[in-house]
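For reference, the structure discussed in these notes is given below.
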Amino acid sequence: MIILLLFLLSLILSFLVDKVQIREIKINNFVVFVWLIFITYLTLIFSSPYILFSIFLSVVILKMLMRSNLWHTLMKYTLYFSIFILIFNILLGTNGETVLLEWYFIKITYESIFFSSSMILRLIIIMGAFAIFNSNVGMEDLINIMEKFKIPHKAIMTLSISLRFFPIMLEEAKDSLNALKLKGLPISSGSLKERISARYPAMAAMLNMSMERAIQIGEALETKGYPSNSRKAWKSIELNGLQKLSIIILIVAAIIGTIYIIFYGNFVFYPKVDEANYSILMCISMFLLPLSMLLGRVSIYD
């Protein structure tokens, strides 16, 4: 029952902290990138709801200390996906010894509910981490970071353009629809056929803007030296002592988490959920160690 309470508390906190902003601390972009990888890795290797809840609390604290404009949007879509995950796992996950309800082919077990809760908690953590990352690291900074890791230029540009594609298309779609509304077209009223016909000019305009943007991106890439392998970045990534220490702590924490999984195993859901299987020390570590990213704060001397 403790696991279910932690899951419900996570859902409540993810929306309560939406408007809470204690202050905005600027963290080095490279440190934020390493932290995102660290959080994603730990969230995927751990299945214990106790450890996952500790990681979630660290993400919530960072959200209140850093800019996170996308938090509300991503959490809203996370809620929709969570409902699907919960229903899908409960109805189709028929494993487990503790049967709560059995009716024809439907079999709901105590273990399947807790397993679904753990999966949703993972999703909330990852979406929250990406909300913080995307709100603080720009596209140019992301390109410089990936070049620092010696990732091939083609892969960098493909990833960068794909990440930018949907946000830009959504903004342009909103602008086009608002322009059509000002002209008096029945965008949100009338029959389905009338609404589709009214939105057709917006689709044509978006196609033209996409073609123009493709030309602009190509010219910008040529200006920056792509696809030459001898291209030099205009801006180098420099880290001070505290920022390097922050990255070292995150890497060591990832290694410790891996060793813990190898020697002590993971949380057991089936055939019977093991509510007593949690480590206080590991929970505290997973709560405190991600907060070491605050050591990577950008000062006025950087």
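Right, PHE7: part of a helix (DSSP H, G or I), modelled with pLDDT of 85 or more and crowded, with 16+ Cβ neighbours inside 10 Å or not? For PHE7, the condition - part of a helix (DSSP H, G or I), modelled with pLDDT of 85 or more and crowded, with 16+ Cβ neighbours inside 10 Å - is not met.
Listed here are the residues, each with its yes/no results for (1) buried (at least 21 other Cβ atoms within 10 Å of the Cβ); (2) assigned by TED's automatic domain parsing to the domain that holds VAL20.
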site: LYS63; (1), (2): yes, yes
site: LEU100; (1), (2): no, yes
site: PHE115; (1), (2): yes, yes
site: PHE149; (1), (2): no, no
site: LYS154; (1), (2): no, no
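Being exposed (fewer than 14 other Cβ atoms within 10 Å of the Cβ) and without any contact (Cβ under 8 Å) to a residue 24 or more places away in the chain is a property that does not hold for LEU44.
Conditions (1) under 30 Å from GLY265 (Cα atoms); (2) β-branched (Val, Ile, Thr), marked per residue:
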position	(1), (2)
TYR77	no, no
LEU100	yes, no
TRP103	no, no
ILE113	yes, yes
PHE130	yes, no
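To keep it simple, each residue is scored yes or no on (1) out of contact with any Ser or Thr (no Cβ under 7 Å at 6 or more places or on another chain); (2) crowded, with 20+ Cβ neighbours inside 10 Å.
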| site | (1), (2) |
| --- | --- |
| PHE30 | yes, yes |
| TRP35 | yes, yes |
| PHE38 | yes, yes |
| PRO49 | no, yes |
| SER54 | yes, yes |
| ASN69 | no, no |
| PHE84 | yes, no |
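Within the span defined as the range 169-185, every residue fails to be at pLDDT below 75, hydroxyl-bearing (Ser, Thr, Tyr) and either surrounded by 11 or more Cβ atoms within 10 Å (Cβ to Cβ) or in a loop (DSSP other than H, G, I, E, B) (or both).
When residues in the range 116-151 are screened for being in contact (Cβ under 8 Å) with a residue 60 or more places away in the chain, in contact with a helix residue (DSSP H, G or I) (Cβ under 6 Å, 6 or more places away or on another chain) and farther than 21 Å from VAL60 by Cα, 2 of them pass. Restricting to the range 38-63, name every residue that is hydroxyl-bearing (Ser, Thr, Tyr) and either closer than 12 Å to ILE126 by Cβ or part of a helix (DSSP H, G or I) (or both). If the condition is that a residue be hydroxyl-bearing (Ser, Thr, Tyr) and either closer than 12 Å to ILE126 by Cβ or part of a helix (DSSP H, G or I) (or both), then THR40, TYR41, THR43, TYR50, SER54, SER58 are the ones that fit. Residues in the range 270-295 that are modelled with pLDDT under 85 and of a type outside the set (A, V, I, L, M, F, W, C): TYR270, PRO271, LYS272, ASP274, GLU275, ASN277, TYR278, SER279. Tallying residues that are at pLDDT 70 or above and part of a loop (DSSP other than H, G, I, E, B) within the range 189-204 yields 2.
The values are calculated or read from the model by the stated rules, or taken from the named source; none is laboratory data. Since we're looking at a predicted model, the values are computed, not measured. Cβ sites come from the backbone with ideal geometry, for glycine too, and all protein chains shown count toward neighbours.
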